[in-house]
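The values are calculated or read from the model by the stated rules, or taken from the named source; none is laboratory data. Just so it is clear, the model here is predicted, and its values are computed rather than measured. Cβ coordinates were reconstructed from backbone atoms using ideal geometry, including for glycine residues, and neighbour counts include every protein chain displayed. Heads up: the accessible areas ignore ligands, DNA and RNA and are worked out on the full protein's heavy atoms, side chains in. Shrake-Rupley method; radii C 1.70, N 1.55, O 1.52, S 1.80 Å.
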Amino acid sequence: MQRWKLTVEYDGRPFVGWQRQDNGPSVQQHLEEAVRRLSGETVRVHGSGRTDAGVHALGQVCHFDLEKSFTGLKLRDALNFHLKPEPIAVVEVEPAAEDFHARLTSIGRSYVYRIVNRRAPLALDAGRAWHVTRPLNAEAMHEAAQVLVGAHDFTSFRASLCQAKSPLKTLDRLDVERSGDEIRVHAAARSFLHHQVRNMVGTLELVGTGKWTAADLRRALDARDRAKAGPTAPPDGLYFVSARY
C-alpha cells in the first residue's frame, strides 16, 4: 500500500465544494472516481482544506492510499485523463510517508482573494473574481487589515454553521495589494474558520469604499458578533493557494 500526495488545481464553479455531498458533484468525488476507474480500487481522498461551492484552488493538497503500483508521473497523467472534461487538474503527484495526512499534518494554509475594481463588466474573469464597481482604496484596506493579524477571537468573521470547536485563530498574514484594476487579498494561517476569509474580505470592502475605518474594523472584531462585521464576499474571487507541512 502506497500513500500518494497530490497537488490539485480546479475551477470551483461546477462543484458544490471540495467535499463529497448528496446535493451535487464535488472535487473529492471526481478524484475518487478517477482513481477507481484507473485502478479498480475504492479510495478515500483526503484534502488539506474544504473549499465551498464556487471557490477555486491553485494548490489544493490531498492524499490517498493505493495498492496498485504506479510511478508518480504515470499516476498523474492517468488521473488527468480520467478527470476529463472536469476543470480539475492534478499538477503534482509524489509518494508520501505513511504518517503524512493532507489535513492533520498541515501547519499552514494560504488563500488569495481577487477583486477586479472597475466599472466595465468582466469578460474573462466572470466567476473567477469579485467585480466591485465602486472605487476602492487598497492602501486603506491593507492598513485596516493589520488589525486582524495575530491571535484573536474571530466570532465576528465566522459563519453560523461553522463546525470548529473554538473561534480562536491566529492570522499570520492579511495583506492587500493593488495592480491596475485588480486588488488581491493574501491570507495565511494554520487554519481558518468557515467563511472567515470571505467575511474578512467583505468587511475590508467597506473600508475600501470609505464607509468604514480601521477603528470600525477593530470594534467589529472586539464585538465577537457576526452581525457587527461586514457581508460575506462572494466565492468567485477566493482561491486556495497552498498548504505547508
(request) Being more than 21 Å from the chain's Cα centre (by Cα) and surrounded by 14 or more Cβ atoms within 10 Å (Cβ to Cβ) is the filter; apply it to region 1-29 and report the residue that is farthest from G237 (Cα to Cα). (result) Q2
(message) Please pick out the residue among A97, A89 that is closer than 24 Å to V55 by Cα and aliphatic (A, V, I, L, M).
(response) A89
(request) Please work out if L161 is of a type in the set (A, V, I, L, M, F, W, C) and surrounded by fewer than 16 Cβ atoms within 10 Å (Cβ to Cβ). (result) yes
(request) Determine if region 58-71 includes at least one residue that is small (G, A, S), in contact (Cβ under 8 Å) with a residue 60 or more places away in the chain and either touching a helix residue (DSSP H, G or I) at 6+ places or on another chain (Cβ under 6 Å) or open to solvent by less than 30 Å² (accessible area, probe 1.4 Å) (or both). (result) yes
(message) Which pairs turn up if I take residues in region 206-219 that are aliphatic (A, V, I, L, M) and look for partners that are not in a helix (DSSP H, G or I) with beta carbon separation below 6 Å, at least 6 apart in sequence or on another chain?
(response) L206/W212; L206/G230
(message) Name the single residue that is farthest from V241 (Cα to Cα) among those in region 30-46 being open to solvent by less than 10 Å² (accessible area, probe 1.4 Å) and in contact with a Phe, Trp or Tyr (Cβ under 7 Å, 6 or more places away or on another chain).
(response) V35
(message) Residue under question is L122, and the condition is that it be touching a residue at least 24 places away in the same chain (Cβ under 8 Å), open to solvent by less than 50 Å² (accessible area, probe 1.4 Å) and farther than 25 Å from A243 by Cα; does it hold?
(response) no
